[in-house]
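Notes to accompany the following structure.
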Amino acid sequence: MIKMSPHSENKKGSLFVVGLGPGDVDMILPKVAKVISSATDIVGYGPYVDRIKPRSNLTIHSSDNRVELERARLALELALDGKTVVVVSSGDPSVFAMASAVFEVIENGPTEFFEINVTVLPGVTAMLAASAEVGAFLGHDFCTINLSDNLKPWDVIEKRLRLAIQGDFAIALYNPRSKARPDGFKKTLSILIDEGVGDRLIAFARDVSLPSQYLSSMRIVDATPEMADMRTVVLVGSSYTRKIKRDGVKNFYIYTPRYYGE
Ligand code: SAH
């Protein structure tokens, strides 16, 4: 059952901001599937709304990737009109996705936006699906950095990368490399080597959970920028992250132990 938030009666329509997981339909939360099945309107970026089965009483509003705030405003306006609106993101809606955009528009919008009952439902984010595919890559303290400098300056990214290495976190890197940003990931690899961690493990997980899934792992010094694209999440090991190899069903697993010893 979807509970109403305590501070708002459902005077207007409602707005759900949901995560569709990494791609495999079986990784969509049942609760998310339920709200999608009762929606009147779906709002989202083209490839994500394409995952929703069309039906007669459902309007699908598909948009470009770069218009997050407009998309959030459209969703809120449809909800004000009494619709049951579902904004879809891949993975989790709070991880570099639509949930923040919705709240940004609410904060700066008319007071009526507060009369909409907004519910955020989580999803399996790419880094967790990728970590699980190889074993337990993110098994101990880790952090996440979005390598896109579309919305924040590169200096901030570089500072966070260096501090994450100095903090000995395992790191998940989203949006590693796009056609519009061909050099950011090359710079990232140089920064990791400059921080003296070139011998640590790095894993590239592309299209996690889909039939086209492709995983690879190596030492950071052996990685090349072309190994990453926008369908890849990159995992960088901490000093404890290790690969265990045996002849067996999978030949290897990568994990980060939780035990630090005495
Ligand atoms: N909200 C999404 C992330 C959106 S940012 C989530 O929680 O997963 C888009 C980035 O997510 C991509 O550039 C890629 O780095 C990562 N990503 C999303 N789905 C992925 C998948 N199935 N396999 C690998 N990486 C994925």
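The values are calculated or read from the model by the stated rules, or taken from the named source; none is laboratory data. Note that the coordinates shown come from a computational prediction; the quantities given were computed from them, not determined experimentally. As a convention, Cβ positions derive from the backbone with ideal geometry for all residues, glycine included, and neighbour counts pool all protein chains shown. We work out accessible area using only protein heavy atoms, side chains counted, and drop any ligands, DNA or RNA first. Shrake-Rupley method; radii C 1.70, N 1.55, O 1.52, S 1.80 Å.
Determine if the stretch 53-64 includes at least one residue that is assigned to a helix (DSSP H, G or I), surrounded by fewer than 20 Cβ atoms within 10 Å (Cβ to Cβ) and either in the same structural domain as ILE106 (by TED's automatic domain parsing) or basic (Lys, Arg) (or both). No, the stretch 53-64 has no match at all. Residues that are within 16 Å of the ligand (Cβ to nearest atom) and of a type in the set (A, V, I, L, M) were ranked within the stretch 206-225; the one that is surrounded by the most Cβ atoms within 10 Å (Cβ to Cβ) is VAL208.
Selection of first residues in the stretch 240-253 that are more than 15 Å from ILE202 (Cβ to Cβ) and of second residues that are modelled with pLDDT of 90 or more and among the hydroxyl-bearing types (Ser, Thr, Tyr), restricted to Cβ pairs under 6 Å at least 6 apart or on distinct chains, gives the following pairs, ordered by first then second residue: ILE244/TYR253.
If you go through the stretch 142-172 and keep only what is under 14 Å from LYS187 (Cβ atoms) and in a loop (DSSP other than H, G, I, E, B), you end up with LEU147, SER148, ASP149, PRO153. For PHE142, the conditions (1) within 12 Å of the ligand (Cβ to nearest atom); (2) closer than 12 Å to LEU235 by Cβ are fulfilled apart from (1).
ILE244 meets the stated requirement of being more than 16 Å from the ligand (Cβ to nearest atom) and loosely packed, with under 13 Cβ neighbours inside 10 Å. Considering each of ALA203, ALA228 in turn, give the residue that is modelled with pLDDT of 95 or more and either away from the ligand (no atom under 16 Å from the Cβ) or within 18 Å of ALA136 (Cβ to Cβ) (or both). Result of the check over ALA203, ALA228: ALA203. Once the stretch 153-177 is narrowed to residues that are under 17 Å from the mean Cα position of the chain (by Cα) and open to solvent by 40 Å² or more (accessible area, probe 1.4 Å), the residue that is farthest from the ligand (Cβ to nearest atom) is ARG177. The residues of the stretch 183-200 that are away from the ligand (no atom under 16 Å from the Cβ) and among the β-branched types (Val, Ile, Thr), listed by number, are ILE191, ILE193, VAL197. ALA75 meets the conditions (1) free of Cβ contacts under 8 Å to residues at least 60 places away in the same chain; (2) under 21 Å from the mean Cα position of the chain (by Cα); (3) more than 15 Å from the ligand (Cβ to nearest atom) in every case but one. The failed one is (1).
Restricting to the stretch 226-241, and then to whatever is in contact with a Ser or Thr (Cβ under 6 Å, 6 or more places away or on another chain) and open to solvent by 20 Å² or more (accessible area, probe 1.4 Å), can you tell me which residue is nearest to GLY23 (Cα to Cα)? For the stretch 226-241, the residue satisfying everything is MET230. The one condition from (1) within 21 Å of MET27 (Cβ to Cβ); (2) in contact (Cβ under 8 Å) with a residue 60 or more places away in the chain that VAL118 does not meet is (1). The condition of being outside any strand (DSSP E or B), within 13 Å of the ligand (Cβ to nearest atom) and surrounded by 20 or more Cβ atoms within 10 Å (Cβ to Cβ) holds for only one of VAL87, VAL95, that being VAL95. Pairing each residue of the stretch 164-187 that is under 15 Å from GLY198 (Cα atoms) with any residue that is among the basic types (Lys, Arg), provided the two are 6+ apart or on different chains, yields C-beta distances under 6 Å for PHE185/ARG177.
Could you list, in sequence order, the residues of the stretch 98-121 that are open to solvent by 30 Å² or more (accessible area, probe 1.4 Å) and outside any helix (DSSP H, G or I)? The answer is PRO110, VAL118, VAL120.
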